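> Sending over a structure as structure tokens; questions will come in a sec.
Quick note: the coordinates plus some simple rules give every number you see, no bench work behind them. What you see is a predicted model; the values in this text were computed from it and never measured. Neighbour counts run over all protein chains shown; Cβ positions are idealised from the backbone, glycine included.
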Amino acid sequence: MSRVAVVTGAGRGIGAAVVDQLAGQGWRVVAVDICADIPGAGYRLGTRADLAAVAKRWPDQVLDVVADVRDQEAVTEAVAVAEREFGGLDAAVAAAAIMAGGRPLWETTDAEWDTLFDTGVRGVFTLARAAVPALLRRPGPRSGRFVALASAAGHTGLWHLAGYNAAKHAVVGLIRGLATDLRGTGVTATAVSPGSTRTAMLDATAALYDLESVEEFSQHQLAERLLAPEEVAAAVCFLCGEQSSAITGTVVHADGGFTA
């Protein structure tokens with residue numbers, strides 16, 4: 001029987017790469033994205049067309065659902081779609097996140113702070129609150145997986161991105177607590193912390209720093225290059241699999257050596 005996943009932030013970037021890799025491995029996936037711009041984010045987010053294109057690549061395996069991860073009812077319904085259409089849930093991936101900042105912490109606006117935490121932290125919480133009960137509804141012995149995208153920013157300070165630092169630290173703490181709550185259930189909780197990855201969010205970060213090119217970020221990584229979304233997605237997909245059973249309550253650093 002095919003395993004089933006829900007992936008948020010699935011319209012583009014790492015989230016879309018996770019959907020593609022899971023589907024390529026035979027998973028059935030509910031791909032979720034807000035498909036709209038939101039206040040506090042100074043750049044364009046993924047569109048309805050982006051999300052539809054992800055699903056179109058896997059017509060028999062991927063269902064696209066437009067939902068805002070800040071909206072508990074909408075996220076709960078996305079999980080219900082997975083159970084209703086695919087028969088259950090085996091993994092949930094919280095990949096939705098926002099970049100905001102570009103100034104010292106004391107100059108950060110309420111809109112920027114709220115956007116960072118409402119999407120990047122509350123969005124992980126809403127998915128956990130909806131998905132974990134579904135993961136636990138699988139009969140034992142279970143191999144449920146909850147994976148959240150944190151960031152290298154959750155482990156080291158970044159100039160003029162203290163709000164983003166704080167939000168990603170919160171994701172790591174949430175995952176450690178969730179994993180502890182899940183002890184003995186067969187369901188694990190882990191985080192993946194990417195480094196600088198070639199995504200629209202990195203483009204937005206470069207704009208905050210007034211950089212001429214995103215390639216300037218590569219100097220901070222031992223790999224001496226930007227990562228591809230597919231490289232980070234590979235770590236996420238491994239953690240979604242049954243073979244990752246020994247890993248819980250911790251972080252996998254898919255960061256090209258950013259935090260080495």
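> Kindly work out what percent of the DSSP beta bridges joining two residues of region 106-260 are antiparallel, to the nearest 5.
Of the beta bridges lying entirely in region 106-260, close to 0 percent run antiparallel.
> Using only Cα atoms, locate the centre of region 54-113 and the centre of region 155-188, then give the distance between them in Å, rounded to an integer.
One Cα centre to the other: 17 Å.
> In a shell of Cβ-Cβ distance under 13 Å around ALA41, excluding ALA41 itself, what net charge do Lys and Arg (+1) and Asp and Glu (-1) give?
Values: positive: ARG44, ARG70; negative: ASP37, ASP68, GLU112, ASP114, ASP118, ASP203.
Neighbourhood net charge equals -4.
> A further question follows. Would the chain count as rounded, prolate or oblate if I go by the C-alpha gyration tensor, calling it rounded below 1.5 in a/c and otherwise prolate when a/b exceeds b/c, oblate otherwise?
Values: a/c = 1.57, a/b = 1.45, b/c = 1.08.
Cα axes put the chain in the prolate bin.
> Can you pull out the trypsin sites (Lys or Arg not before Pro) in region 120-198 whose DSSP state is coil and whose Cβ has at most 13 other Cβ atoms within 10 Å? All intermediate terms of the calculation are to be shown ahead of the outcome.
Details: sites: ARG122, ARG129, ARG137, ARG142, ARG145, LYS168, ARG176, ARG183, ARG198; in loops: ARG142, ARG183, ARG198.
Counting only loop positions with at most 13 other Cβ atoms within 10 Å, the trypsin sites (Lys or Arg not before Pro) in region 120-198 are ARG183.
> Take each of the peptides 236-244, 17-25, 2-10, average the number of other beta-carbon atoms within 10 Å over its residues, and list them starting from the highest. Could you put the intermediate results ahead of the total?
Numbers: 236-244: 20.0, 17-25: 22.8, 2-10: 27.0.
For the peptides 236-244, 17-25, 2-10, the packing ranking is 2-10, 17-25, 236-244.
> Just how large is the dipole of region 169-260 about the Cα centre, in debye to the nearest 20, putting +1 at every Lys and Arg Cβ and -1 at every Asp and Glu Cβ?
Values: 4 positive and 11 negative charges, 105 e Å.
That gives region 169-260 a dipole magnitude of about 500 debye.
> At a threshold of 8 angstrom on Cα-Cα distance, excluding pairs fewer than six apart, so keeping six or more, what relative contact order does the chain reach in percent?
On the way: 574 pairs, mean separation 50.2, N = 260.
Relative contact order of the chain: 19 percent.
> Continuing with the same structure: Percent relative contact order of region 121-260, based on C-alpha pairs within less than 8 angstrom and at least six residues apart? Write out the running numbers ahead of the final one.
Details: 220 pairs, mean separation 41.6, N = 140.
Reported as a whole number, the value is 30 percent.
> Rounded, prolate or oblate: which fits region 9-81 when a ≥ b ≥ c are the square roots of the eigenvalues of the alpha-carbon gyration tensor, with rounded for a/c under 1.5 and prolate only if a/b beats b/c? Present the calculation step by step, with values, prior to reporting the outcome.
Values: a/c = 2.23, a/b = 1.39, b/c = 1.60.
It is oblate, given that a/c is not under 1.5 and a/b is not larger than b/c.
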